[in-house]
Amino acid sequence: MKSGILAAAAAAVVVTATAGAGAATLDTVKQRGFVQCGVNAGLPGFGNPDSAGNWTGLDVDYCRAVAVAIFNDPNKVKFTPLSAQQRFPAIQSGEVDLLSRNTTVTLTRDTSVGLNFAPVTYYDGQGFMVNKKLGVKSAKELNGATVCVQSGTTTELNLADYFRANNMSYNPVVIESNDEVNAAYFAGRCDVLTTDVSGLAGTRAGVAPVPDDHVILPEVISKEPLAPAVRHGDDQWFDIVKWTVNATIQAEEFGITSKNADEFVNSKNPDIQRFLGTSPGLGKALGLDEKYALNVIKKVGNYGEIFDRNVGPGTPLKLERGLNALWTKGGLQYSAPFR
Amino acid sequence: MATETRTTQGAPAPGGVSFSLSDPTVRAVVYQILVVGAVVLVGWFLISNTLDNLARRSIATGYHFLEREASFGIGESMIDYSPKDSYGRAFLVGVLNTLKVSIIGIILATILGTLVGVARLSSNWLIAKLASTFVEIVRNVPPLLQLFFWYALVSDSLPPVRNALNPLPGVFLSQRGLWVPSLSASPVWATMGIAFAVAVILTIFLNRWAKDRQARTGQIFPTARAALGLLIGLPLIAYVAGGAPTALDMPRLAGFNFVGGMALSPEFFAILTGLTVYTSAFIAEVVRSGIVAVNWGQTEAARALGLPSGPTLRLVILPQALRVIVPPLTSQYLNLTKNSSLALAIGYPDLVSIANTTLNQTGQAIEGVTMIMGTYLTISLSISIFMNWYNKRIALVER
Amino acid sequence: MATTDNAQPVGLPDERPPANTVGPVAWLRNNLFNTWYNAILTVLVLALLGSAIPPFLDWLLIKAHGLDATSQECRQGGGACWGFVNEKLRFIMFGTFPYDEQWRPFATIAIFIALLLASCDRRFWKPWFGLVWAAGLAAVAILMWGGVLGLTYVENTLWGGLPLTIILSVIGLAVAFPAAILLALGRRSNMPAVKVLCVTYIELIRGVPLISLLFMASVMFPLFLPNGVSVDKLLRAQVAFIMFAAAYMAEAIRGGLQAIPKGQYEAADGLGLGYWQKMRKIILPQALAVAIPPLVNTFISFFKDTSLVIIIGLYDLLGTAKAALSDPAWRGFYREAYLFIGVIYWIFCYSMSKYSQKLERDLNRSHRR
């Protein structure tokens, strides 16, 4: 008899528990007044807070770019530092609206993790860093080495693949936090530190006691296209992020920078007119201000400016454009047309 | 609102007697329905949200990923493992690593804890003070902090691998851990294992026979000594009969690391030392209170009966002390096992660490956390069931 | 064992003069050299201490670098580098809380310590003291968050260090306590459904490591919530701690409930008290008094366990110390860092455990009467 009552109670409960309908991300963000952006907790050049708590980095700038596209204010964004482990649950659950945390685009992440990736903001590849004293010149000489690697990254998988493909053995030291991995490497626990080349450069510049003691080996063993991601299920939001990233690249293609953007507003070129919203249509299609691209460029800059400011030759990371040069200059950065 | 309708629906049900909230039985049923209803409501709310979220974001579900290729490396493993193996096997490696560190940790912590516990009761003032200082320091500092300390101690204080300390021939100590010579593979080891198993079985029979004989004739057979002889002697005979192989596999420096021999990684050392030291302080307190709990009169009574000191301890003191010791000791063993999950923080590949990697690579957080919880629950329940059984057995000593 | 030696045969003629039983020599003989093996042990331990303590003191004080030492000076060798602790003191204690506002977390710590100390005095164990606690917690919330009374608003992602450790443990305890009472009562209830639910909850939580609960809070909990609702990381960790603490405290309280003689229940029933009246007026006051020492012990282990939040990326005291160590300039001074925060943890835990022992003695005394 009791079980019958329980069943009735359960049935009563079923009716009351209906999931609330999910609002569109753009509306939620507008209502809230800021974009919640998931970033790396401490990777110089990509996502890194300074001692006063101001966030800088390439990934951080793309969060700001999205904030400008919506609010025309680069400060209407709040940053959630995320570990490698926390990043996917955070974007899946809606804790952050946008994940801009040096995340590699992969098929699994696009499908079973439930992400949609915006255009690539940084073409990276995995490399190795070793102490100069070891005298190692090539990754092919690393048979039997102890390798420090952060857990839960594509790096960990590529590492295994690379050694397997080259019939070499290795001894992984897998640690969860990036700081701990670096500490273990610099303490001498490992012979080799592996992560994306940009990350190695950042670590060598910012963390190594003596940067010149360490050398990044020439082999790049994987493709690591890093891109901002949003969750499945909101196409409009995905479009906004996608076309904000494209706008920064398109601006560099046009030669529009944060300094000279206003001069282009009255350009005769119909492409530029459409792009900057002088002739309307594109911004509205996204649900944004017609001049959103202009705002992004003025407040954050074009792709080249963002790159140079955060990771370029003038920064401690000293990275060349390489693959990240525009397609017109032998690189891969290419924006789909604005029309 | 829903709750009210349920009270009016549910209340008249039991027995059909007149419905009154002042009737305790009716009230009990109503309360239970309310509580169960609330729990089901909350559970349903969470589950429906989760399903909704999973569907909305098209996140994969289910445990199919366990059969997929893991393709990540694991630092130390008790079974053959390579990145080619499945996530399932990787998880098994993690479970075995957890069991390894827990079992060795439990044994070492019991030994150290007993020593410290006895030392705290020593009539030697210095030893007693030293032991209690140890206990007070160790148990009042977070275990994670101790773990970090041990790990940093190994990786910062020891020399790099090329300048490894070499205290004994074939023994190397460096940042990369401890290498000792191991015995080369030989069929003799298997034979010795069998001989030991035979010795265990013989000991059990011997014990039965000796008890039986004592019950019949009153004569006491020196079971302990005979059993010791069997347990050591039989494997020894097997060893000698197998040609007494002495070949050692010596570690040597080759390339980046030592190869050969047996290695103890810094991560394993740190987690084992951390768990052993931390838990031993608690075990020391358990042992001390167990010993104190046995009334001194018991010893005097045993002496008065003419029992020598050995049997006094074995037959009178220990059974009583153990009854006090075993329940809290069990919970210390459980704590040690659960604390082994801290291994994650220093990179020892225990089950939490591997499940963590898995949930990262697959994006299936719910499955990952469920696997961690399920495994620990199984281990915890097994230990408590075993200890309850053991507890009942020794509790029978009391009439 | 050794004490049996005192039992001397009665009426033996020609006794030697009684041994000197007072004075330092006698103390030494009685306590350090009373048997031959104790004498050996004493010598061994003295030798061990003699070889360990002087180098440690050397490192700790004599050869140590002072509070103003730079990392370059410290790296030249010598003993401990207290310049590191001095340089990073405010970061370790208060985390990334805005530098100019750090008097606020400092005041928070002071309020908590004052409240905890006052709570130790049994004269304050009155209902009105709950209001004092509520006022204290309100003051803490205002101090930490700000946004009113002219204080600038500080997001809780910037909180860190000792205040975070204390907040997580004290708030966790405060919220978990009522839940724990209900769970303990539920576990001893006559109602099967309630009992099964409570037992399942308690054993489930106690059977898994805290890390897995924190993981759950960190990676699973967000999926439990309706679309569009999100809860910040600190609050999620706090919820995990509350769930954890409630189960353990429920067991401590259950021990107290079991210690109450059956007669008390029967007497309460005999007076015609209802269940809640019986519990509130008769059973719980006695049971909680008995349960206080184990509850304090639970709180101690809980306090230590807050250090685990470092694994889900929050900066408690241990987290800030580790973050301070990841500064390239100060890498490798882990002994100083760990010793420093170890002493802080130790002071809290040790004083609480001493207090719990004292309380236990006092309560035993009152029981005997």
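The values are calculated or read from the model by the stated rules, or taken from the named source; none is laboratory data. Note that this is a predicted model, so its numbers are computed, not measured. In this analysis, Cβ positions are derived from the backbone assuming ideal geometry, glycine residues included, and neighbour counts consider all displayed protein chains.
Quick notes on this structure:
- Any helices (runs of 4 or more DSSP H) falling wholly within segment C:275-369 and containing at least 2 residues that are in contact with a strand residue (DSSP E or B) (Cβ under 8 Å, 6 or more places away or on another chain): C:317-325
- The residues listed here are B:V292, B:V287; of these, the one that is surrounded by fewer than 16 Cβ atoms within 10 Å (Cβ to Cβ) and in contact with a Leu (Cβ under 9 Å, 6 or more places away or on another chain) is B:V292.
- Helices (runs of 4 or more DSSP H) lying entirely in segment C:45-143 (those with 2 or more residues that are in contact (Cβ under 8 Å) with a residue 12 or more places away in the chain and of a type in the set (F, W, Y)): C:82-94, C:103-120
- The condition (being of a type in the set (V, I, T) and touching a strand residue (DSSP E or B) at 6+ places or on another chain (Cβ under 9 Å)) is satisfied by just one residue among B:I106, B:I47, B:I74, B:I79: B:I74.
- Segment B:77-105 - residue that is among the β-branched types (V, I, T) and buried (at least 21 other Cβ atoms within 10 Å of the Cβ) and, of those, farthest from C:L44 (Cα to Cα): B:V93
- In segment C:25-39, the qualifying residues are those that are hydrophobic (A, V, I, L, M, F, W, C) and farther than 14 Å from B:I127 by Cα, and the one that is surrounded by the fewest Cβ atoms within 10 Å (Cβ to Cβ) is C:W36.
- Scanning segment B:353-396 for residues that are surrounded by fewer than 21 Cβ atoms within 10 Å (Cβ to Cβ) and aromatic (F, W, Y) yields B:F386, B:W389, B:Y390.
Listed here are the residues, each with its yes/no results for (1) modelled with pLDDT of 85 or more; (2) more than 19 Å from C:P163 (Cβ to Cβ).
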| position | (1), (2) |
| --- | --- |
| C:S230 | no, yes |
| C:A237 | yes, no |
| C:A247 | yes, yes |
| C:I292 | no, yes |
| C:F302 | yes, no |
| C:V309 | yes, no |
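- Output for segment B:15-54, where each listed residue is at pLDDT below 80, in a helix (DSSP H, G or I) and within 10 Å of chain A (Cβ to nearest Cβ): B:N53, B:L54
- Any chance A:D271 is touching a residue at least 60 places away in the same chain (Cβ under 8 Å), among the charged types (D, E, K, R) and in contact with a strand residue (DSSP E or B) (Cβ under 9 Å, 6 or more places away or on another chain): no
- Within segment B:55-74, considering residues that are facing chain A (nearest Cβ under 7 Å) and modelled with pLDDT under 80, the one surrounded by the most Cβ atoms within 10 Å (Cβ to Cβ): B:I59
- Test: residue in segment B:353-367 that is in a helix (DSSP H, G or I) and over 16 Å from B:A90 (Cβ atoms): yes
- Taking (1) facing chain B (nearest Cβ under 7 Å); (2) at pLDDT 85 or above in turn, A:P89 satisfies each apart from (2).
- Filter result for B:S280 (buried (at least 17 other Cβ atoms within 10 Å of the Cβ), touching a Pro at 6+ places or on another chain (Cβ under 6 Å) and among the small types (G, A, S)): no
- The set of residues in segment A:46-74 being touching a helix residue (DSSP H, G or I) at 6+ places or on another chain (Cβ under 6 Å) and either polar (S, T, N, Q) or at pLDDT below 85 (or both) consists of A:N72 alone.
- Exclusive hit being modelled with pLDDT of 90 or more, under 18 Å from A:P225 (Cα atoms) and in contact with a Gly (Cβ under 8 Å, 6 or more places away or on another chain), set A:A293, A:A336, A:A325: A:A325
- Looking only at segment A:97-145, and only at residues there that are free of Cβ contacts under 8 Å to residues at least 12 places away in the same chain and not assigned by TED's automatic domain parsing to the domain that holds A:A160, the one that is nearest to the chain's Cα centre (by Cα): A:D110
- Taken residue by residue, segment B:364-386 has no member that is within 11 Å of chain A (Cβ to nearest Cβ) and within 21 Å of B:A270 (Cβ to Cβ).
- Given (1) outside the structural domain of B:N339 (by TED's automatic domain parsing); (2) assigned to a strand (DSSP E or B), index of the condition B:L230 fails: (2)
- Here is the figure for segment B:277-300: residues that are of a type outside the set (F, W, Y) and without any contact (Cβ under 8 Å) to a residue 12 or more places away in the chain total 3.
- Restricting segment A:164-181 to residues that are more than 7 Å from chain B (Cβ to nearest Cβ) and acidic (D, E), the residue that is surrounded by the most Cβ atoms within 10 Å (Cβ to Cβ): A:E180
- Index of the failed condition, B:I204 passing every other in (1) outside any loop (DSSP other than H, G, I, E, B); (2) without any contact (Cβ under 8 Å) to a residue 12 or more places away in the chain; (3) surrounded by 17 or more Cβ atoms within 10 Å (Cβ to Cβ); (4) hydrophobic (A, V, I, L, M, F, W, C): (3)
- Only listed residue being among the basic types (K, R), farther than 24 Å from A:L26 by Cβ, out of contact with any Ser or Thr (no Cβ under 8 Å at 6 or more places or on another chain) and at pLDDT 90 or above, chosen from A:K268, A:K318, A:K259: A:K259
- Exactly one residue out of B:L153, B:L66, B:L92 is in a helix (DSSP H, G or I) and either over 27 Å from the mean Cα position of the chain (by Cα) or under 30 Å from C:F302 (Cα atoms) (or both): that is B:L153.
- The single condition among (1) more than 8 Å from every other protein chain (Cβ to nearest Cβ); (2) surrounded by fewer than 24 Cβ atoms within 10 Å (Cβ to Cβ) that A:T194 does not meet is (2).
- Restricting attention to segment B:105-130 and to residues that are more than 10 Å from chain C (Cβ to nearest Cβ) and small (G, A, S), the residue that is nearest to B:L342 (Cα to Cα) turns out to be B:G105.
- Every residue from segment A:141-153 that is surrounded by fewer than 22 Cβ atoms within 10 Å (Cβ to Cβ) and more than 8 Å from chain B (Cβ to nearest Cβ): A:E141
- Members of segment C:70-84 found to be more than 14 Å from chain A (Cβ to nearest Cβ) and crowded, with 20+ Cβ neighbours inside 10 Å, listed by number: C:A80, C:C81, C:W82, C:G83, C:F84
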